[in-house]
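Peer 1: Can you read through this structure? Questions will come right after.
The values are calculated or read from the model by the stated rules, or taken from the named source; none is laboratory data. Treat the numbers as computed from the prediction; the structure is a model and nothing was measured. FYI the Cβ positions are ideal-geometry reconstructions off the backbone, even for glycines, and counts take in every protein chain you see. Accessible surface is based on the protein model in full, side chains and every heavy atom, while ligands, DNA and RNA are left aside. Shrake-Rupley method; radii C 1.70, N 1.55, O 1.52, S 1.80 Å.
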Amino acid sequence: MKQYTFFKGIHLKFIVILLLVIILAIQVFGAYFNRALESHLVNNFTRMLDQQAHLLAYSIQHELDKPYNEEEGLGAYEHIQFLIDKMFAAIPHAEIQVLDRNGVVISTNSDNRSIIGQRNTQIEVKRALLGTRDEAIRLHPKTGHRMKIMSIPIKVNQEVVGAVYLMASLEETYQSIAEINSLLVKGTLIALCLTAVIGVALARTISAPIKEMTKQTQAMAAGDFSKQVKVYSEDEIGQLAQGINHLSQRLSQALGEIEEEKNKLASILFYMSDGLIATDRKGRIILLNQQAEMMLNKQAKEVLGQKLSDVLDFPDEVQQDTLLFREGRFQVDIGADGQPLILEITVSPLHLDGEGQGLIAVLQDVTEREQLERDRKAFVANVSHELRTPLTTMKSYVETLISGAMDDPAVAKRFLQVIANETERMIRLVNKLLQLSKLDSKRFKLRLKKLDLHALIQETIQRFSFQLQERELTVKLDIEADLPPIEADKDMLTQVLDNILSNAIKYSLAGGQIKVTARQEGDQLKLVIEDEGVGIPKQELKHIFKRFYRVDKARSRDKGGVGLGLSITREMILAHQGSIEIDSDVGEGTAVTIRLPLQLSAREGAS
Ligand SMILES: Nc1ncnc2c1ncn2[C@@H]1O[C@H](COP(=O)(O)OP(=O)(O)OP(=O)(O)O)[C@@H](O)[C@H]1O
Ligand SMILES: [Mg+2]
């Protein structure tokens, strides 16, 4: 937080402004007052002089009107001199001259009486003698004082008979003005000092709450809404303080709500099963949830800021669309190492405040769904293919028979045998399909019985004795004595044994051996059927339980296989809560290990 200093604060600014205003006001007032005072005093003085001059003129006009008496000379005007000495001597610092119609001084109050009899040739006098009153202000040549000069004509019957000339110092008037001015300056200084003191006090009352409010807003900016500003008054500052308190409350409330919304959103994003990615208007990732991280197998920090299209490797046409921020749905496969990972991505525009439009992408892992769909399609294709092959064979044989082969009984018999075999094959296929469908739909019911596995194995071998002999195969039995009975569905278990043994026989080389081992392992029975046949390549093992999967299609078909035996076997073993594993390699023979519980757990047993 910045330290509050006197020189930076509004404190000083307030006082300076206050002082400037006071100085300006006094300046304006002083200038106006000065001028008004000066003109008032000078006018008063002039008026007083004017009155005196007129009074004198009036008093002496008849004296001057008398015809000039040579004998008496200027002595005739003694009365005038008397009047001036007695009555007009009171005019302060004024020199009075009475002039005759020629401008000759006939009387004066000046100590310098020598001017009597001399002519006054001043311009004001000349103008007065011409009948016009005149006045002027001039500097005294000796003292330098400002002098008011006034001359008025003395008229008798409209005829100028003389003039009164007055010259009075204005210095006293200006002295008074100067004194008043100095008073004004002193008053100004006192007013300024008082203003400064009051200003400091006043500024404090304003700045103290402002300081407090500043602190509070800074605390608010730092996220602390716990404190309230003290409201000192009802004025604007008080209202501002109330406003800040209100704002603080609202802000804290709003931030709380935002936080709550954020948490809600975060938990929604966290717990949603779909991945979610949001981008800015340039398509750069700005948010992704944990699911998206898991789907992409990347950490948020690795992909934040990267282009969505780069991270998800969009197809070209999608790239175009997403650049335009259109809605859309498409799939991408971002799987690695041959493992598919199909994501269905739904993009829609996202409106970002002030930043235009972004993009929101919802990611769904549809690998399983797609895989199922692919499997379904492949299954249908396989079924169709498996059915069409015997049908085409049968059709061609039937046609050949119709077109004449029937007439040759030997050929006809051979052909009909082929047709019977193909029909047999089709029936086997359809039966297997029905069985699978039943196992898939879980509609079947296990008819559980205590079975003697040893006997069951022997029965099965018995059934295959013809094929075994045909292929010169020997079977070696290694069955634990006292093998406990196993709880199972007899038909199913028989079929499991049939399938495994038939494979072992089919894919064994002539003269080979098949070994059947049965042991008890805890509460399970372990059955292993091993052969020394062609084996299965290791990399194919993971596909071996897929429907219609055959390692060598041609060979398997020759042997009448359609690739459903192991799928059915596995489903049946799973129905018995057991497991099946196949271990093999090319030329190494094959070992099929089956584990079955001696007794099924209650839930499954009831199904
Ligand atoms: N013991 C084995 N030795 C070698 N290959 C085997 C063995 N058992 C199974 N296979 C291979 O696995 C494939 C799948 O076996 P599966 O029993 O499901 O089908 P199939 O025997 O071909 O036909 P089906 O059993 O439906 O008549 C076979 O085609 C074969 O290539
Ligand atoms: Mg088989």
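Peer 1: Identify the residue in segment 564-588 that is near ligand 1 (Cβ under 8 Å from one of its atoms) and touching a residue at least 60 places away in the same chain (Cβ under 8 Å) and, among all such residues, is farthest from the chain's Cα centre (by Cα).
Peer 2: The residue in question is GLY565.
Peer 1: While we're looking at this one, here's another question. Out of all the residues in segment 419-434, is one or more open to solvent by 90 Å² or more (accessible area, probe 1.4 Å) and under 60 Å from the mean Cα position of the chain (by Cα)? Working first, answer last.
Peer 2: Filtering segment 419-434 down to residues open to solvent by 90 Å² or more (accessible area, probe 1.4 Å) leaves 424, 428, 434.
Applying the additional criterion that residues be under 60 Å from the mean Cα position of the chain (by Cα) yields none.
So far as segment 419-434 goes, no, none of its residues is open to solvent by 90 Å² or more (accessible area, probe 1.4 Å) and under 60 Å from the mean Cα position of the chain (by Cα).
Peer 1: Do we find that ALA254 is at pLDDT 90 or above, at negative phi, among the aliphatic types (A, V, I, L, M) and loosely packed, with under 12 Cβ neighbours inside 10 Å in this structure?
Peer 2: Details: at pLDDT 90 or above: yes; at negative phi: yes; among the aliphatic types (A, V, I, L, M): yes; loosely packed, with under 12 Cβ neighbours inside 10 Å: yes.
Yes.
Peer 1: Right, SER508: open to solvent by 30 Å² or more (accessible area, probe 1.4 Å), polar (S, T, N, Q) and either within 16 Å of ligand 1 (Cβ to nearest atom) or without any contact (Cβ under 8 Å) to a residue 60 or more places away in the chain (or both) or not?
Peer 2: no
Peer 1: Follow-up question, since we're still on this one. Which members of segment 548-570 meet the condition of being part of a helix (DSSP H, G or I) and either surrounded by 15 or more Cβ atoms within 10 Å (Cβ to Cβ) or not basic (Lys, Arg) (or both)?
Peer 2: Matches in segment 548-570: ALA554, SER556, ARG557, ASP558, GLY565, LEU566, SER567, ILE568, THR569, ARG570.
Peer 1: Test each condition in (1) away from ligand 2 (no atom under 15 Å from the Cβ); (2) assigned to a loop (DSSP other than H, G, I, E, B); (3) under 30 Å from LYS449 (Cβ atoms); (4) not basic (Lys, Arg) for PHE545 and report the one that comes out false.
Peer 2: Of (1) away from ligand 2 (no atom under 15 Å from the Cβ); (2) assigned to a loop (DSSP other than H, G, I, E, B); (3) under 30 Å from LYS449 (Cβ atoms); (4) not basic (Lys, Arg), only one is false for PHE545: (1).
Peer 1: For segment 452-486, what are the residues that are assigned to a helix (DSSP H, G or I), within 16 Å of ligand 2 (Cβ to nearest atom) and open to solvent by 20 Å² or more (accessible area, probe 1.4 Å)?
Peer 2: Passing the criteria: ARG463, GLN467.
Peer 1: Moving on. One residue is enough: does segment 463-478 have a residue meeting the conditions over 22 Å from LEU596 (Cβ atoms), outside the structural domain of LEU600 (by TED's automatic domain parsing) and among the basic types (Lys, Arg)?
Peer 2: Start the filter on segment 463-478 by keeping residues that are over 22 Å from LEU596 (Cβ atoms), which leaves 465-474.
Still in the list and also outside the structural domain of LEU600 (by TED's automatic domain parsing): none.
Among the residues of segment 463-478, not one is over 22 Å from LEU596 (Cβ atoms), outside the structural domain of LEU600 (by TED's automatic domain parsing) and among the basic types (Lys, Arg), which makes the answer no.
Residues are listed down the side, and each one gets a yes or a no for (1) among the aromatic types (Phe, Trp, Tyr); (2) within 28 Å of LYS298 (Cα to Cα); (3) free of Cβ contacts under 8 Å to residues at least 24 places away in the same chain; (4) open to solvent by 50 Å² or more (accessible area, probe 1.4 Å):
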| site | (1), (2), (3), (4) |
| --- | --- |
| GLY338 | no, yes, yes, yes |
| SER348 | no, yes, yes, no |
| HIS351 | no, yes, yes, yes |
| GLN357 | no, yes, no, yes |
| GLU370 | no, yes, no, no |
| LYS377 | no, no, yes, yes |
| SER384 | no, no, yes, yes |
| PRO390 | no, no, no, no |
| LYS395 | no, no, yes, yes |
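Peer 1: Let me ask another. Which of the numbered conditions does MET406 fail, given that it passes all the others? Conditions: (1) within 60 Å of the chain's Cα centre (by Cα); (2) not in a strand (DSSP E or B).
Peer 2: (1)
Peer 1: Looking at (1) under 26 Å from LYS438 (Cα atoms); (2) more than 16 Å from ligand 2 (Cβ to nearest atom); (3) of a type in the set (Asp, Glu), find the lone condition where GLU532 falls short.
Peer 2: Result: GLU532 passes all but (1).
Peer 1: Quickly run through segment 283-313 and pick out the residues that are free of Cβ contacts under 8 Å to residues at least 24 places away in the same chain and in a loop (DSSP other than H, G, I, E, B).
Peer 2: Hits for segment 283-313 are ASN289, ASN297, LYS298, GLN299, LEU304, GLY305, GLN306, ASP313.
Peer 1: Here's another thing I want to ask about it. Could you identify the single residue in ASP498, ASP489 that is closer than 30 Å to LEU372 by Cα, away from ligand 2 (no atom under 15 Å from the Cβ) and surrounded by 15 or more Cβ atoms within 10 Å (Cβ to Cβ)? First the steps, then the outcome.
Peer 2: On the way: ASP498 fails: away from ligand 2 (no atom under 15 Å from the Cβ).
Every option except ASP489 fails the conditions.
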